[in-house]
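**Q** This structure is in structure tokens; I'll ask about it shortly.
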Amino acid sequence: MKSNTKNHLSENQIRNLTQKHFGKDCEITDITELKGGQFNAAYRINRGKGQDSLVLKVGVIPGTPLLTYEKDVMPTEVSCLRMLREKTTIPVPEIYACDFGKTDLNSNYFFMTAMEGVTLSSVSKKMDEENLSRIRAKQAEYMAQMHRIRGSYFGYFTDDQTKQYTTWKEAFSGMMEQVLADAQAHHTRLPYDRIRKALVKNAACLDLCKEPVLVDFDCHDGNIFVKKQSGQYVIEGILDLERAYWGDGLADFAGAFIFTNDMRREPAFLNSYLKESDTLRTYGEAESRRYLLYRMYLSVIMIAECFRYGWAYSRLQAALAGRFLKNCLEGLEK
């Protein structure tokens, strides 16, 4: 889709970058722009001589208007993909090369392996219930593995020690205030006072999170690739960890199921997660409130980022996220 954040490259630029990292004799048979993402530009590069295909992901040009947490996030994504390959069995792309020095381009970029399947969002409605339930159970298992990776502080990936929080309540409150400030700077219409009051009223339940774990916060069906195996779909890979931070693993439920008002309506996922998790064994009132807080945060992000999209799409996303936000506020105010 169209977004002001995408740094589009010419075919010659893509060929030059590919040959720099994979050799002058690297045969490139086809280059296709992958248009599904909302933030970075991405290109599929097919190679000849039986070599696997690549994906080149191109970061945002510095100085492009962004939300504060989005600035220079590509190193976070690469770091997370490498961590997951090293410490879990979660299927994620392999990083072949990256450059964050902006020596070749006016932005960051990296090369990774390409997925051969399709997004779960494109086929989930065609699956039988049993197949989709197996996918959800496996998604939960992978998420529980991710949440076994511990961090040393709460908050987004950063070297700024003032943003490395010692408690999750402090970190999440700061993260929410930051995105609200971004929204106000872009003159975004939001119920600011109501959001802040809902956070203050429910902030005590955030203290239940004692240890920072790796949170993807974007593991929705559009970032899960599946492929057919013996007539059934299985997860091939999970992509796009640029939103990641150190926080409460339960926040990943909101990133994965933004359309779901109550996680108890996703039994295949929830039951599998509770079985696999080493920190969450039950899902009750406190967990429901935390889920609503994280869903509220994501809804605010979705509305706040609309300034960079085209008029029609931004109206559609803002209206959809506005409904999510309304639901969360009503739940948190009870």
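**Q** Can we say residue 99 is surrounded by 17 or more Cβ atoms within 10 Å (Cβ to Cβ), of a type in the set (D, E, K, R) and not assigned by TED's automatic domain parsing to the domain that holds residue 301?
**A** Working: surrounded by 17 or more Cβ atoms within 10 Å (Cβ to Cβ): yes; of a type in the set (D, E, K, R): yes; not assigned by TED's automatic domain parsing to the domain that holds residue 301: yes.
It is true that residue 99 is surrounded by 17 or more Cβ atoms within 10 Å (Cβ to Cβ), of a type in the set (D, E, K, R) and not assigned by TED's automatic domain parsing to the domain that holds residue 301.
**Q** If I filter the stretch 191-207 for residues that are in contact (Cβ under 8 Å) with a residue 12 or more places away in the chain, within 25 Å of residue 149 (Cα to Cα) and not hydrophobic (A, V, I, L, M, F, W, C), do I get at least one hit?
**A** yes
**Q** Having 2 or more residues that are at pLDDT below 95 and in contact with a helix residue (DSSP H, G or I) (Cβ under 8 Å, 6 or more places away or on another chain) is the bar; report the helices (runs of 4 or more DSSP H) wholly within the stretch 90-197 that clear it.
**A** Details: elements: 120-123, 129-146, 168-185.
Qualifying helices (runs of 4 or more DSSP H): none found.
**Q** Another question, if that's okay. What are the pairs, 6+ residues apart or on separate chains, where a residue within the stretch 76-88 that is free of Cβ contacts under 8 Å to residues at least 24 places away in the same chain has its Cβ under 8 Å from a residue that is surrounded by fewer than 19 Cβ atoms within 10 Å (Cβ to Cβ) and outside any helix (DSSP H, G or I)?
**A** 82/95; 85/94
**Q** Only one of 272, 173, 230 is out of contact with any strand residue (DSSP E or B) (no Cβ under 6 Å at 6 or more places or on another chain), of a type in the set (Gly, Ala, Ser) and at positive phi. Can you tell me which? Quick ask: steps written out before the conclusion?
**A** Details: 272 fails: at positive phi; 173 fails: at positive phi.
One residue alone meets the criteria, 230.
**Q** Still on this structure, please answer the following. Would you tally the residues in the stretch 102-128 being surrounded by 15 or more Cβ atoms within 10 Å (Cβ to Cβ) and either of a type in the set (Gly, Ala, Ser) or on the phi > 0 side of the Ramachandran plot (or both)?
**A** 4
**Q** Would you be able to say whether some residue in the stretch 144-157 is among the β-branched types (Val, Ile, Thr) and more than 17 Å from the chain's Cα centre (by Cα)? Talk me through it step by step, then tell me what you get.
**A** The initial filter retains those residues of the stretch 144-157 that are among the β-branched types (Val, Ile, Thr), namely 149.
If we keep only those that are more than 17 Å from the chain's Cα centre (by Cα) too, we end up with none.
There is no residue in the stretch 144-157 that is among the β-branched types (Val, Ile, Thr) and more than 17 Å from the chain's Cα centre (by Cα).
**Q** From the residues in the stretch 1-33 that are out of contact with any Asp or Glu (no Cβ under 7 Å at 6 or more places or on another chain), in a helix (DSSP H, G or I) and of a type outside the set (D, E, K, R), which one is surrounded by the fewest Cβ atoms within 10 Å (Cβ to Cβ)?
**A** 12
**Q** Continuing with the same structure: Which helices (runs of 4 or more DSSP H) sit wholly inside the stretch 231-334 and have at least 1 residues that are closer than 30 Å to residue 64 by Cβ and either in contact with a helix residue (DSSP H, G or I) (Cβ under 8 Å, 6 or more places away or on another chain) or touching a residue at least 12 places away in the same chain (Cβ under 8 Å) (or both)?
**A** Working: elements: 251-256, 267-276, 285-304, 311-333.
Per the criteria, 251-256, 285-304, 311-333.
**Q** Collect the residues in the stretch 31-78 that are among the hydroxyl-bearing types (Ser, Thr, Tyr), at pLDDT 95 or above and within 30 Å of residue 180 (Cβ to Cβ), keeping them in residue-number order.
**A** Selection gives 68, 69, 76.
**Q** Please go through the stretch 261-317 and pick out each residue that is within 15 Å of residue 330 (Cα to Cα), among the hydrophobic types (A, V, I, L, M, F, W, C) and surrounded by fewer than 18 Cβ atoms within 10 Å (Cβ to Cβ).
**A** Hits for the stretch 261-317: nothing passes.
**Q** Further question: Filter the stretch 59-88 for residues that are among the hydrophobic types (A, V, I, L, M, F, W, C) and part of a helix (DSSP H, G or I); which is surrounded by the fewest Cβ atoms within 10 Å (Cβ to Cβ)?
**A** Filtering the stretch 59-88 for residues among the hydrophobic types (A, V, I, L, M, F, W, C) gives 60-61, 66-67, 73-74, 78, 80-81, 83-84.
Still in the list and also part of a helix (DSSP H, G or I): 74, 78, 80-81, 83-84.
Values: 74: 21, 78: 19, 80: 23, 81: 23, 83: 17, 84: 23.
Restricting to residues being among the hydrophobic types (A, V, I, L, M, F, W, C) and part of a helix (DSSP H, G or I), the top hit is 83.
**Q** From the list 18, 68, which residue is in contact with a Cys (Cβ under 9 Å, 6 or more places away or on another chain) and either β-branched (Val, Ile, Thr) or in contact (Cβ under 8 Å) with a residue 60 or more places away in the chain (or both)?
**A** Values: 68 fails: in contact with a Cys (Cβ under 9 Å, 6 or more places away or on another chain).
Within the list 18, 68, the selection yields 18.
**Q** So which residues in the stretch 202-224 are surrounded by 14 or more Cβ atoms within 10 Å (Cβ to Cβ) and either in a helix (DSSP H, G or I) or of a type in the set (Lys, Arg) (or both), if there are any at all?
**A** Within the stretch 202-224, 202, 203, 205, 206, 208, 221, 222, 223 qualify.
One line per residue, one yes/no per condition, for (1) in the same structural domain as residue 319 (by TED's automatic domain parsing); (2) acidic (Asp, Glu); (3) under 14 Å from the mean Cα position of the chain (by Cα):
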{"position": "163", "(1), (2), (3)": "yes, no, no"}
{"position": "173", "(1), (2), (3)": "yes, no, no"}
{"position": "180", "(1), (2), (3)": "yes, no, no"}
{"position": "213", "(1), (2), (3)": "yes, no, no"}
{"position": "218", "(1), (2), (3)": "yes, yes, yes"}
{"position": "238", "(1), (2), (3)": "yes, no, yes"}
{"position": "252", "(1), (2), (3)": "yes, yes, yes"}
{"position": "260", "(1), (2), (3)": "yes, no, no"}
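The values are calculated or read from the model by the stated rules, or taken from the named source; none is laboratory data. Since the structure is predicted, the reported quantities are computational estimates derived from the model, not experimental observations. As a convention, Cβ positions derive from the backbone with ideal geometry for all residues, glycine included, and neighbour counts pool all protein chains shown.
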